[in-house]
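Written below as structure tokens is the structure these notes are about.
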Amino acid sequence: MSIFDPSLETKGITGIKALKKKFPGNTPIYVVFNLVSPLLPSKDYTPRIIAVPHAIAKLEDRSILLITKDPSTPYAHLNDRGQPTEDVFNAIYSFKRLRSEAKRHSNLVKLFKEYDIVVADFRIHKFLPSVLGEVFYVKNKKIPFKIQMARPSPTAALTKDKTNKFKDSRCEPKYVRHQIKLIAENTYFIPPAQGNCMVVKAGHSNMPADHIIANIRAIIDYLTNQKFRPVGGLAEANSIESIFVKTSDSVSIPVFVKEKVDDADQQDDSDFDF
């Protein structure tokens, strides 16, 4: 049976309706993939944003922390009235401030609980695991997203810092908001490097079942379609052995299970000209 077989809708909608009935309200519904092998050979702390046809959440409902590179002066205007980002960020920390706060474990726990989403300038994103540590990174609890503060441009005007090095200090609020909206309203995954199981949020129990199925199809396409490489398209369709739907508190309900093909069947297939 193909992973794109119509039974995906039949079994998926049946399972999702069962979850909706048992967990009414706004309970997150996840799609679980069991893979033949890990997607990447080593850990990768870059969340992959998957655009889904039906929004998982609204930007205005998310509490968001932005971490900027030092100094933070070029980015201070993001919260100014009249800017496209005036209501986007609940707090803006410079990397220097974050390191200072992170010296106390209790501060990290407070940050973890206070914000739904943490985003960081791509230039300092790689340093965050050593600063935020296990509070944010163990079991991919709340790994920060990576954003750019301005559109890449080979002709961008650079500024000199105190060491006479040229740096890009541009900040484009409209472009920043666009990225944050994509993060807040869609879903994401972090490729498992040491395991064969991957869990992705597909929707909530207050969404129509067919909307959640449409989101699951978009997730499958992102995982398997080569056009999304290098960040997506990491799995072959035949490397997905099974798909389940579940909530955090429910059993896993099967949606797709790959049929086992023995050697004899494979030999028989080779005799046919397709």
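Figures for the structure shown
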quantity: Cβ-placed point charges (K, R +1; D, E -1), dipole of the chain about Cα centre in debye, nearest 20; calculated: 2020 debye
quantity: Percent carbon-and-sulfur accessible area, the chain, ignoring ligands, DNA and RNA, probe 1.4 Å; calculated: 52 percent
quantity: Calculated log₁₀ intensity ratio I(q)/I(0) where the Debye formula runs over C-alpha points of the stretch 81-231, q = 0.14 Å⁻¹; calculated: -0.94
quantity: Å² of accessible area per residue within the chain, as computed with a 1.4 Å probe and no ligands counted; calculated: 56 Å²
quantity: The stretch 79-181: GluC sites (Glu not before Pro) in DSSP coil with no more than 14 other Cβ atoms inside 10 Å; calculated: GLU86
quantity: Where only C-alpha atoms are counted, convex hull volume of the stretch 169-256 per residue in Å³; calculated: 161 Å³
quantity: FRET efficiency for SER153 and HIS77, using Cβ-Cβ distance with R0 set to 22 Å, rounded to 0.05; calculated: 0.65
quantity: Efficiency of FRET between LYS181 and ALA18 - r from beta-carbon atoms, R0 41 angstrom, step 0.05; calculated: 0.80
quantity: Calculated SAXS-style log₁₀ I(q)/I(0) at q = 0.09, 0.10, 0.11, 0.13 Å⁻¹ - the chain, Debye, Cα scatterers; calculated: -0.51, -0.62, -0.73, -0.96
quantity: Beta bridges by DSSP in the chain, antiparallel share as percent, to the nearest 5; calculated: 65 percent
quantity: 15 Å reach of a label modelled at ASP61, 7 Å along Cα-to-Cβ, counting backbone N of the stretch 86-118; calculated: 116-117
quantity: Furthest towards positive pole of dipole, ALA214, VAL138, VAL200, structure part the chain, Cβ charges; calculated: VAL138
quantity: Two-decimal Rg/Rh across the stretch 109-194, once Rg and the Kirkwood Rh are taken from alpha-carbon atoms; calculated: 1.03
quantity: Efficiency of FRET from Cβ geometry, GLU86 and PHE112, R₀ 25 Å, rounded to 0.05; calculated: 0.50
quantity: Helical contribution to [θ] at 222 nm, DSSP H n ≥ 4, -39,500 (n - 2.57), averaged over the chain, rounded to 500; calculated: -9000 deg cm²/dmol
quantity: Hull-based mean projected area of the stretch 20-145, where the convex hull spans the alpha carbons, in square nanometres; calculated: 10.7 nm²
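The values are calculated or read from the model by the stated rules, or taken from the named source; none is laboratory data. These numbers were taken from a predicted model, which means no experiment stands behind them. A quick note on method: Cβ atoms are made from the backbone with ideal geometry, for glycine too, and the neighbour counts reach across all protein chains shown. Ligands, DNA and RNA are stripped out before the accessible areas are found, and what is left, the full protein with its side chains, is counted by its heavy atoms. Shrake-Rupley method; radii C 1.70, N 1.55, O 1.52, S 1.80 Å.
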